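All of the numbers you see were taken from the coordinates with simple rules; none came from a lab. This one's a predicted model, so the numbers in the text were calculated from it and none came from an experiment. Ideal geometry is used to build each Cβ from the backbone, glycine not excepted, and the neighbour counts take in all protein chains shown.
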Amino acid sequence: MRARRLRLGLYADEQGLAWVRRLVEDAIGSRHARIIGGTLAHTVDDELDFLVEQWTVEHPGQNSGSRQPVYREVHLGCSLRTWRAIRKAVLTALCPEGSGPHICRVPWTVG
């Protein structure tokens, strides 16, 4: 098993971060992988401003509350095949409505 990284850019509050954490844990589920670490880093520049703009467009007139643009990294011990399956499951869970227009619960990007 090698160490692999799943990196997500998010515009989320504490509830949104907890929801994403559960999605990752569910995606790992019974697969042969384990979380070996991770980080949560607030951005210091405008790298994720497009997620803030996405929120504004998708939720007109709504207060964004305590949402902030952050990077969430999860370090996994797993094979490449398992990492790909986990990544696909996380992305599907973040965006379950497919490729058509819809509103994201937590605006996100993957790195």
* Is it the case that some residue within region 61-77 is touching a Lys or Arg at 6+ places or on another chain (Cβ under 9 Å) and part of a helix (DSSP H, G or I)? -> no
* Asked: Quick check: anything in region 15-22 assigned to a strand (DSSP E or B) and surrounded by 15 or more Cβ atoms within 10 Å (Cβ to Cβ)?
  -> no
* Neighbours by Cβ (under 8 Å, 6+ apart or cross-chain): first from region 20-37, under 28 Å from residue 67 (Cα atoms); second surrounded by 15 or more Cβ atoms within 10 Å (Cβ to Cβ) and of a type in the set (Phe, Trp, Tyr) -> 20/108
* Structure fact -> Restricting attention to region 26-44, the residues that are in contact with a strand residue (DSSP E or B) (Cβ under 8 Å, 6 or more places away or on another chain) and either within 17 Å of residue 95 (Cβ to Cβ) or not small (Gly, Ala, Ser) (or both) number exactly 10
* Given the structure, is residue 89 crowded, with 16+ Cβ neighbours inside 10 Å, among the aliphatic types (A, V, I, L, M), part of a helix (DSSP H, G or I) and in contact with a Lys or Arg (Cβ under 7 Å, 6 or more places away or on another chain)? -> no
